[in-house]
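A.B. asks: Dropping a structure here in C-alpha cells format, bear with me for questions.
Rule-based calculations on the coordinates, nothing more; no lab input. What you see is a predicted model; the values in this text were computed from it and never measured. Heads up, the Cβs are rebuilt from the backbone with ideal geometry, glycines too, and the neighbour counts pull from every protein chain shown.
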Protein chains: 2
Amino acid sequence: MIVKRIDSGLLENLVKQILTRAGVSKNESAIIAESLVHAELSGCPSHGISKLSDYLKRLDENLIEKTTTITTVRDTFTTAVLDANNGWGQVASQRAVDLAIEKARNYGSAWISVRNSNHNGRCGYWASKIANAGMVGIAMTNTSPVMVAYGSSESTLGTNPIAISVPSSSGNPISLDMSTSHQARGKITLAHKKGESIPKGWAVDAQGLPTTDPSDALAGSLLPMGGHKGSGLAIMIDILSGVMSGALFGSHIPRFYDDALPQQIGHLFVAMDISTMMPLDEFTDRISQKEKETRNSKPAPGREQVYMPGDLEQKKYMENRKAGVPIPEEILLELKHLAAKNQVAHLYKELIN
Amino acid sequence: MIVKRIDSGLLENLVKQILTRAGVSKNESAIIAESLVHAELSGCPSHGISKLSDYLKRLDENLIEKTTTITTVRDTFTTAVLDANNGWGQVASQRAVDLAIEKARNYGSAWISVRNSNHNGRCGYWASKIANAGMVGIAMTNTSPVMVAYGSSESTLGTNPIAISVPSSSGNPISLDMSTSHQARGKITLAHKKGESIPKGWAVDAQGLPTTDPSDALAGSLLPMGGHKGSGLAIMIDILSGVMSGALFGSHIPRFYDDALPQQIGHLFVAMDISTMMPLDEFTDRISQKEKETRNSKPAPGREQVYMPGDLEQKKYMENRKAGVPIPEEILLELKHLAAKNQVAHLYKELIN
C-alpha cells in the first residue's frame, strides 16, 4: 500500500472546499473538515478523510441535510436537548459542546443531548474541546448495530464509543477515547482484504459462534471488549445517547453504509467546571503527578513505555503536523475524484505536489 | 463449604447492633448495615458481611473515625466537594447522593466529590439510589493499588469501579456496576485456597509477566479488563475520584488489608434529572423497549438468555429476599465472634435458629 504524506492545512482546505462546492455552507464545511483532518493528525484514519466520500454519497442520496438546522427541544439551567434535524453530526456536536461549556461555566455542570443526528467524528475530539475550557469533558454516541450484547447472537448494539477528557498542565488534555467493541470493524475488513484470519475474541458469525474467519465475522457481529463489562457499557451508552435524547437506538439505527435511511442517532455531551471543585492549576499540578507516576512506572517485560490515555494520539498529532498526514493511495484517488467532481481539481494538484 | 440461608432483616439488625456496640452511632450503623446486607442480597458477597470484621479491625486500630464528620470544602449551584475526614465511606456517600439529588432537582444536574473517605460498599448501590429519584446516577471510587496500567509491571491503579444506573418502568433501575479489572482479586485468593490455577489474562506476577499461578498473581498485580481500554478507564476514574476531589490517588492509597494508615480515598457521584430532557414515563417506556429488545434477542449457542445490566443482581435479590442470604460457615463464625465480643450474642443465636 503506497502512502503519501500530505500537509494537513492544505488537506483541510481541500476537504472544506469540496464540501462547500457540494452545497454545504462555508461555516459548516469548516467544522466538518477540521474534525476529519484532526482525526488523521491524531492517527485515527477510520474517522478521517475516508469518511468524506461516504458523507458525500449520503448527501447525494438526500440521506442527510445540506444545511444543519438545530432546534432546541428542551433547555434548562444545566441540561438541553437539541434536535439536529438530520443535519451534520459535527455541526450539531460543536453547538452542543459550546452550550455545555456555557452552562457549566454558569452553573458548574451541564448535560446536552442531541437527537436525529449523524456521524460526528471522534468522541475524543469533542471531549477534548470541553477539557480545553478547563472542564471535565465527556462525549458519547450510539452508532449503527454491528455488535452483539454479551451472550447474544444478534447485533443489537453499535460500537458505541465514549471519551473522557481532562485538562493537563501541558495544554494537551488527558483524553480516553474508546469504542466498546473489542476491535474495530475496519480491522476485520482489512484482514478480509488481505486474506488473513482474525484472532478469537474479535467477532462471532451469523449464528453467534466465535469465529476467526473475517468473512464469517463480517456476516456476523463484533464482540464487546471485556465481555459482559464492555457489553453493559455499550448498552448504557445507547441509553444515555439514544434512549434519553429521543433518537433511534439499538437495532433500529439504519446502517451507515448499507441502509438508505437517515440514521437519526443520538449523542451526549457532559461538562463539569473543575474550578468549582479546586483551583485549576492545583488540579493540573495533581494531574502532572498522576501522569509522571504512570509514565515512569516500570514497563512490563517487552514493553518500552507506559502511556497515559491519549499519549499515542498526541504523539502522532505532533509527528503528522510536521511531516504531513499519511494518506493511502486509494484515499488519495477518492479525493482526486471528489475534487474533480466538485470543480476544485486545482486544489488537489496543489496538495500532492 | 457449608452455606446457611440467613434472614436478611435479622442479619441487617445484627450488623447494625454490632456496629452500635462498637461505638458507631445508631444512624451511621444503620446506613453501613443496609449497604452490606444489600450487597449480600444482590449476590455480591465480596462487598457484604465479610467486610464487617475488616471494618471493625480498622476501627479498633484507629484507622477510621467512629463518627463521620463531613465538612463542605466547596459548594456551588451544581457541584460540591465534601471531606469525609476519615469517617465511614457509606455515611459520606449517603450524604453525597442526597446532595446530588437535591442539586439535580433544582438545577438539572450535579457532581459531588468526596475526599478522605473509606470503603463505601458497591458503587451500584449508590448509583441506583440516584436512579430511584428519576435520575441518571453515576458513582465511582478509587481503591487501593492492586492493578497494573496497560503495559506496566507496577500496581499504580485500584480496581476502580464505576456504576451507571437509570430508572426503568419496573421500579428496579437498570444498573451497570463493574470494576475495571478483568477479574476480582477475591477470585484469585479463592483459587489459591483451593490450589487451582487461574486463567491467563487475570493477572501478572511481580515482574509483570502473565501468570496462571495464583500465588504469583497475589504477589503481582491484577490486569485491567479489555487491555488498554479498561486501563484507560481505571486511570480516568482515579482522576475523577481521587485527583479531582483532593483525595489520595494511584499508588499513594494505603492498602485496605495490609497498611495501618487511613486510606483517604475519593468518590464521585453524578446525577442528572431525566425529566428535564423528556417526561420520565416517556423515558421509562423507551427503556422498556430497550429492555425487551435486549432480553428477547436470540442467545448465542449454549446460552439461555441475554441480560440487561443488573438483571442477575436483581434476580438474586428477589431470591435471597425470600429464601435468605447464603452465608458461608466461616463468615458465620466471624459474625458469632463479633456478636459475642460486642455483647449481642443473643442476636446471633436468633439469627441462626
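A.B. asks: Just in the range A:279-339: which GluC sites (Glu not before Pro) are loop by DSSP and have at most 12 other Cβ atoms within 10 Å?
C.D. replies: Details: sites: A:282, A:291, A:293, A:304, A:313, A:319, A:329, A:330, A:334; in loops: A:304.
Answer in residue order: A:304.
A.B. asks: Sticking with this one: Is there a pair in B:200/B:229; A:200/B:229; A:4/A:315; A:4/A:51 whose C-alpha atoms are over 21 Å apart, and which pairs would that be?
C.D. replies: none
A.B. asks: Mind listing the long-range amide H neighbours of residue B:70? Cut-off is under 5 Å, sequence gap 5 or more, other chains count too, H placed in the peptide plane at 1.01 Å from N.
C.D. replies: Here the answer is none, since no amide H 5 or more places off falls under 5 Å of that of residue B:70.
A.B. asks: Could you work out how far the C-alpha centroid of the range B:171-240 sits from that of the range B:46-105, in angstrom?
C.D. replies: Each part's Cα centre sits 26 Å from the other's.
A.B. asks: Starting at the first residue of the range A:20-27, write each ³J(HN,Hα) from the Karplus equation 6.51 cos²θ - 1.76 cosθ + 1.60 with θ = phi - 60°, in whole Hz, x for Gly and Pro.
C.D. replies: Values per residue, Gly and Pro as x: 5, 5, 7, x, 7, 4, 4, 5 Hz.
A.B. asks: Compute the relative contact order of chain A as a whole-number percentage, counting only Cα pairs closer than 8 Å that sit 6 or more residues apart in sequence.
C.D. replies: Across chain A, relative contact order equals 22 percent.
A.B. asks: Please give, to one decimal in nm, the separation of the simple spin-label points placed at residue A:4 and residue B:4, each 7 Å out from Cα toward the Cβ.
C.D. replies: Distance between label points: 8.0 nm.
A.B. asks: Listing B:268, B:209, B:332 from the residue with the fewest other Cβ atoms within 10 Å to the one with the most, what is the order?
C.D. replies: Final ranking by Cβ density, sparse to dense: B:209, B:332, B:268.
A.B. asks: Then there's this: What does the convex hull of the Cα atoms come to per residue for chain B, in Å³?
C.D. replies: So the per-residue hull volume is 142 Å³.
A.B. asks: Can you run phi through the Karplus equation (6.51, -1.76, 1.60; θ = phi - 60°) for the range A:87-99 and list ³J(HN,Hα) in whole Hz, with x for Gly and Pro?
C.D. replies: x, 6, x, 5, 5, 5, 5, 4, 4, 5, 5, 4, 5
A.B. asks: What are the extents of the Cα atoms of the range B:37-99 along their three principal axes, listed from largest to smallest and rounded to whole Å?
C.D. replies: Principal extents (Cα only, largest first): 38, 30, 13 Å.
A.B. asks: Are there GluC sites (Glu not before Pro) in the range B:49-153 that DSSP marks as loop and that have at most 11 other Cβ atoms within 10 Å, and which are they? Don't skip to the end; give the middle numbers.
C.D. replies: Numbers: sites: B:61, B:65, B:102; in loops: B:61, B:65.
Passing both the DSSP loop test and the Cβ count: B:61.
A.B. asks: Here's another thing I want to ask about it. Assume the label is 7 Å from Cα along Cα to beta carbon: what separations in nm does residue A:258 have to the matching positions in the other copies?
C.D. replies: 5.1
A.B. asks: Treating cross-link reach as a plain straight distance, find the aspartates and glutamates whose alpha-carbon is under 19 Å from the alpha-carbon of residue B:292, omitting any fewer than eight places away in the same chain.
C.D. replies: Leaving aside aspartates and glutamates fewer than 8 places away in the same chain, those within reach of residue B:292 are A:154, A:238, B:281, B:282, B:304, B:311, B:313.
A.B. asks: Further question on the same structure: Please list, by residue number, every one of the chymotrypsin sites (Phe, Trp or Tyr not before Pro) in the range A:226-257 that is coil in DSSP and has at most 14 other beta-carbon atoms within 10 Å. Each step should come with its number before you reach the end.
C.D. replies: Working: sites: A:249, A:256, A:257; in loops: A:249, A:256, A:257.
Filter output for the range A:226-257: A:257.
A.B. asks: Then there's this: Arrange the following residues from fewest to most other Cβ atoms within 10 Å of their Cβ: A:148, A:204.
C.D. replies: Sorted ascending by nearby Cβ count, the order is A:204, A:148.
A.B. asks: Sticking with this structure for a sec: Please turn the phi angles of the range A:179-189 into ³J(HN,Hα) values with the Karplus equation 6.51 cos²θ - 1.76 cosθ + 1.60 (θ = phi - 60°), one per residue in order, whole Hz, x for glycine and proline.
C.D. replies: Each residue's phi maps through the Karplus curve to give 7, 9, 8, 5, 8, 5, 4, x, 5, 6, 4 Hz.
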